[in-house]
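Chemist: Got a structure for you, written out below as structure tokens; questions coming shortly.
The values are calculated or read from the model by the stated rules, or taken from the named source; none is laboratory data. Everything numeric in this text was worked out from a predicted model, so none of it was measured. All Cβ positions, even for glycine, are placed from backbone atoms using ideal geometry, and neighbour counts span all protein chains on display.
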Amino acid sequence: MTDQTGEVTRLLEAISAGEAGAVDELLPRVYDELRRLARIRMVGERDAGGHQPTSLVHEAYLRLVGPVQTRFKNRAHFFGAAGEAMRRILVDRARERGAQKRGGDRRQVTLDDRAAGMTPPVDDVLAVDHALQKLEVKDAAMAVVVKLRYFAGLTVEETAEALDSSPRTVNRQWTAARAWLQRELKSG
């Protein structure tokens, strides 16, 4: 895994430097992990509208390495961005299908460590997205931690690495953010 991690980081640096062929070389190295992440993201989709994890991977990858490229610090930063891209794609899809943002028929959303990296049903994706937008206004740092932990499925350690923070700080932010979001979703 270390060789793979180092190679992914090297390719991300090459892409940032504009090296020809680096984008094409990166996809085979990250594809399996992106596909795993996409499958996890789509677990709760009741009506995926014919979309499969493969299409989610390709759409997210194009957003990440398309014409407007982000500079990625490392593998964890890349996969965090991939999780965020997938979250945005799924939210867009849910909105397109006309899913309700609010309603008494909405199920409770669980934001715990077991749920990290798992997508709730479409109605819940929209509810969490709405609450997350409010959290971004209140505390942007906590919102980023939620995106990386809950939507990208990163561990506390991977999140800390992606944010150049300590695991202790990330864990504290994750705990506070979960509590705030749970209150927000219940009052929703």
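Chemist: Restricting to the stretch 130-188, and then to whatever is within 20 Å of Arg87 (Cβ to Cβ) and polar (S, T, N, Q), can you tell me which residue is surrounded by the fewest Cβ atoms within 10 Å (Cβ to Cβ)?
Modeler: Gln133
Chemist: Quick one: count up the residues across the stretch 9-32 that are surrounded by 14 or more Cβ atoms within 10 Å (Cβ to Cβ) and over 21 Å from Glu158 (Cβ atoms).
Modeler: Here the count works out to 4.
Chemist: Considering only the stretch 151-165, state which residues are on the phi < 0 side of the Ramachandran plot and among the small types (Gly, Ala, Ser). Spell out the reasoning first.
Modeler: Step one: of the stretch 151-165, the residues on the phi < 0 side of the Ramachandran plot are 151-152, 154-163, 165.
Of everything in the stretch 151-165, those that are on the phi < 0 side of the Ramachandran plot and among the small types (Gly, Ala, Ser) turn out to be Ala152, Ala160, Ala162, Ser165.
Chemist: Out of the stretch 137-188, which residues are at pLDDT 90 or above and of a type in the set (S, T, N, Q)?
Modeler: Residues satisfying the conditions are Ser165, Ser166, Thr169, Asn171, Gln173, Thr175.
Residues checked against (1) over 14 Å from the mean Cα position of the chain (by Cα); (2) in contact (Cβ under 8 Å) with a residue 12 or more places away in the chain; (3) over 14 Å from Arg39 (Cα atoms); (4) surrounded by fewer than 21 Cβ atoms within 10 Å (Cβ to Cβ):
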site: Thr54; (1), (2), (3), (4): yes, yes, no, yes
site: His58; (1), (2), (3), (4): yes, no, no, yes
site: Arg63; (1), (2), (3), (4): no, yes, yes, yes
site: Asn74; (1), (2), (3), (4): yes, yes, yes, yes
site: His77; (1), (2), (3), (4): no, yes, yes, no
site: Ala81; (1), (2), (3), (4): no, yes, yes, yes
site: Met86; (1), (2), (3), (4): no, yes, no, no
site: Ala94; (1), (2), (3), (4): yes, yes, yes, no
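Chemist: Residue check: is Gln69 closer than 17 Å to Asp32 by Cα and at pLDDT below 85?
Modeler: Working: closer than 17 Å to Asp32 by Cα: no; at pLDDT below 85: yes.
So Gln69 fails the test.
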